[in-house]
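Heads up: the structure comes next, in C-alpha cells.
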Amino acid sequence: MQVLGPELRALLQPFRARLWLAVAVQAVAGIASLLPLIALAQLAERLPEAPPLGPSVMGWVLLAVLGSGLWLVGQTLALHLTHGVDADLSDRLRVRLAEHLQRLPLDWFARLGPEGVTRYAEQDVRALHQLVGHAPTDLVNLLLIPLATLAYLLWSDSGLALWCLLPLGLGVLGYGRLGSAHYREDVERRNAAIQQLFSDYSQFAANLGLVRQFPGAGIHPRLQQAVQGFDQRFSHWVRRAGHLAALIQVLLSAPWLLAWVVVGAWLAGMAEAGAAQLCGFLLLVRAMAAPVLAMGHGFDALHGARISAQRLQEVLSTPPLAEPDAPLAPQDASVEMLDVYFTHGSVPLLSAIDLRLEPGTTTALVGPSGAGKSTLVGLIARFMDVDSGQVRVGGVDVRRIASPQLQRHLALVFQHAGALRMSLAQNIALYRPDASLAQVRQAARAACLDSRIMALPKGYASIAGDDVQLSGGELQRLAIARALLSGAPIMLLDEPTSATDPQTERALRAALRDGAAGRTRLIVAHRLESIRHAEQILVLCDGRIVQRGRHQDLLAVEGLYRQLWHEQMPGADRPEALS
C-alpha cells in the first residue's frame, strides 16, 4: 500500500484488519483450490487398484469435496471483504475530496481545467477498485498458488516439475518486461491519447450547435486529430508489445502446456511417468498458470490504479486555504484592499491594488474584458489568497476570518449563475435555510421570478434541472433573489443582469437599489449607464486601477472611462441607473 501515499494510507487504516483477514481467507481458499486437483490426480492412480467405494478412494473424494467447498466459501468471503473495503473507502474518499476541494483556491481549479474535478472525484476513485477490491486477493493467488503447486509437483516428480516451470517462468518474465520502463513510455503515450480522445469527445458533445454550424473548423477537426492520434498510439503500442503479449498467451495456454508436459514426460529420465501422473501434472500446471495469466490481464488496470492513487495523493496534499487558529469577526461592512498583488501561475493579474468600500455605499468596478475585475471580487470573497498585500472585510484581514463567518458576511451574484438539484425554494434560501416560504417568495418577487415559478405545476417545490430548466437570465434572477434574502451586509455582484432583457434589467436594478439599501455593494459592470450614480467608480485596466471617482468627475477628464462611455453611449438616452 506504499503507492497510496500517507493521506490514502491513513484513510485505509480503519480497514487494515479487514484487508488482512481477506488476505488470510484468500490464502486458505487458494490452497483449498488445489486440493480437488491433487485428489483427482490421486484418484486417477488408485481407481484401477481399489474398489470405487473403498476407503482409499473415498478419502480422496471427500478431500476434493472439502477443498471445493473451502475454495468457494473462502473466495466469496475474501472478495466480499475486499469489495466492502473498496465501497467504504470510495465513500470516505469522495467525502474527503469534497471537503478538501471546497477549501482549495479557485485558481487551482482554473489550472486543472473543466474536467479535472470529474476525473479526480469519479474516474480516479473508481480506478482504485482494482487496487483495493482485487489486488490483495490476486497477489495472494499469484504468490501462493504457484509456490504451493510447485512444492507438490517437486515432491511428486522433481524433474518433470522443473521442466513444467520453464513456460511459467518465461511468462512471468514476459509480463515483467511488458511492465518495465522499456514499454512504459509507449503505455503512457497510449493512455494520454485515450484521455485526449475522451476530452475532445466531451467538448464535441457539449458544443454540437457550433459543430453543426461550422463543421470544417474548431472542435470537429480536433476530434478527428484525437481519433487519429489514438489510432497511431494504440497501433504503435500493439506493434511493439502485441507480439510479446500474444507469445505469452500462447505459452501459458492449455494446449501448449499439455504438449509441454507430454514432451517432458518423454525426455530422458522422465519416461517412467504414468498417464495418471501426467493428468495430475496437467491439471496442476494449468492451475499454476492461471494466476500468471491474471497478472497479465490485470496489469493495465493495476497500473492505472496506481497512477490514479498518486494523482489523488497529489490533490489531498495540495495545501488548502488556511483557517485561522484564533478567528476574528468583521467589525462592519467595509471592504479594503491594501497594495494587493496576485498572479495566476506566472501571469500577473492584479498589481498594486488599493481601494476602500465604505459601509453602505455602492462601488462600481468597470474596465475592458480581461482587466481582472472578477479576480478582484474573488479575492474579496477569499476564493484564493493574495500573493502580497491585504484584503480586509470589516477591518479584519480575510485570512483571520473563519470561512463560515466570511460566507455569512458576503452575498455573491455571479454572471454565470447556477442552481443546485434541489427545489427552487431551497435554492433561493441557500444563505438562509430557515427562511419561510413567504420570505422566499418576497425575495423572488423582487427579483422578477415569482410569477415564473408560480406558473410551474409544482411551484416552489419544482426541482431545478428535473422539473424545470432555467435560462441564463432566470438563473441570474434566482441568484439575485438568493442574495436579497441573505441579509448579508456586503453584496458582491459580478455582471448580475447581463443575461436579462432591458425591461427586467431595469426592474432588477430597482430591486437591488431598494432591497439592498444600507448594504455595501460592489458591482462589476460593462454597461456603464447602469452604475453612473454609484458613490465610487473604479476603472481597472491590465490589473491596475487607473481611475477612480464619480461618474461626472471621470467624464470631465481624459481617460479610459470617458472613452468607454462614448463608445457605449454616443448620444443615446440614459436609462435609470443603479445607485
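Look at region 84-107 and say how many of its residues are among the hydroxyl-bearing types (Ser, Thr, Tyr) and over 19 Å from Ala309 (Cβ atoms).
Matching residues across region 84-107 total 0.
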ask   = Does any residue of region 361-378 turn out to be of a type in the set (A, V, I, L, M, F, W, C), closer than 22 Å to Ile401 by Cα and in contact (Cβ under 8 Å) with a residue 12 or more places away in the chain?
value = yes
ask   = Is it true that some residue in region 485-503 is open to solvent by less than 10 Å² (accessible area, probe 1.4 Å) and among the β-branched types (Val, Ile, Thr)?
value = yes
request  = Considering (1) open to solvent by less than 10 Å² (accessible area, probe 1.4 Å); (2) in contact with a strand residue (DSSP E or B) (Cβ under 9 Å, 6 or more places away or on another chain), say which one Ala481 fails and leave the rest.
outcome  = (2)
remark   = How many residues of region 533-568 are at pLDDT below 90 and buried (at least 21 other Cβ atoms within 10 Å of the Cβ)? The answer is 1
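Give me the helices (runs of 4 or more DSSP H) completely within region 420-468, filtered to those with at least 2 residues that are among the basic types (Lys, Arg), ordered by residue number.
Details: elements: 424-428, 437-446, 450-454.
Result: 437-446.
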Output for region 1-51, where each listed residue is at pLDDT 85 or above and of a type outside the set (Gly, Ala, Ser) = Pro14, Phe15, Arg16, Arg18, Leu19, Trp20, Leu21, Val23, Val25, Gln26, Val28, Ile31
ask   = Pairs under 9 Å by beta carbon, first residue surrounded by fewer than 19 Cβ atoms within 10 Å (Cβ to Cβ) in region 314-337, partner in a loop (DSSP other than H, G, I, E, B) and β-branched (Val, Ile, Thr), six or more apart or different chains?
value = Pro324/Ile401; Pro327/Ile401; Leu328/Ile401; Ala329/Ile401
request  = Output the residue which, of all residues in region 101-124 that are at pLDDT 80 or above and in contact with a Ser or Thr (Cβ under 8 Å, 6 or more places away or on another chain), is least open to solvent (accessible area, probe 1.4 Å).
outcome  = Leu104
message = As an exercise: evaluate Ala268 against (1) modelled with pLDDT of 75 or more; (2) of a type in the set (Gly, Ala, Ser); (3) surrounded by fewer than 20 Cβ atoms within 10 Å (Cβ to Cβ) and give the number of the one condition it does not meet.
response = (1)
key: Qualifying positions in region 57-106 - among the hydroxyl-bearing types (Ser, Thr, Tyr), without any contact (Cβ under 8 Å) to a residue 60 or more places away in the chain and under 28 Å from Leu35 (Cβ atoms)   = Ser68, Thr76
Residue match in region 411-429 (condition: modelled with pLDDT of 90 or more, open to solvent by 50 Å² or more (accessible area, probe 1.4 Å) and of a type outside the set (Val, Ile, Thr)) = yes
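Check Asp385, Asp397 and return the single one that is open to solvent by 10 Å² or more (accessible area, probe 1.4 Å) and touching a Leu at 6+ places or on another chain (Cβ under 7 Å). Steps first, please.
Values: Asp397 fails: touching a Leu at 6+ places or on another chain (Cβ under 7 Å).
Exactly one of Asp385, Asp397 is open to solvent by 10 Å² or more (accessible area, probe 1.4 Å) and touching a Leu at 6+ places or on another chain (Cβ under 7 Å), namely Asp385.
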ask   = Here are some conditions: (1) touching a strand residue (DSSP E or B) at 6+ places or on another chain (Cβ under 8 Å); (2) open to solvent by 10 Å² or more (accessible area, probe 1.4 Å); (3) not aromatic (Phe, Trp, Tyr). Ile353 meets all but one. Which one does it not meet?
value = (2)
task = Look at region 355-404 and say how many of its residues are part of a loop (DSSP other than H, G, I, E, B), more than 32 Å from the chain's Cα centre (by Cα) and closer than 29 Å to Leu564 by Cβ.
result = 6
query = List pairs: first in region 122-139 and closer than 16 Å to Val25 by Cα, second among the aromatic types (Phe, Trp, Tyr), Cβ under 9 Å, 6+ apart or cross-chain?
reply = Val132/Phe15; Pro136/Trp20
key: Subset of region 137-157 (residues that are over 26 Å from Ala41 (Cα atoms) and surrounded by fewer than 21 Cβ atoms within 10 Å (Cβ to Cβ))   = Leu139
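The values are calculated or read from the model by the stated rules, or taken from the named source; none is laboratory data. Keep in mind that what you see is a predicted model, and the values were worked out from it rather than measured. Cβ: placed from backbone, ideal geometry, glycine included. Neighbour counts: every protein chain shown. Protein only, heavy atoms only, side chains kept; ligands, DNA and RNA dropped before computing areas. Shrake-Rupley method; radii C 1.70, N 1.55, O 1.52, S 1.80 Å.
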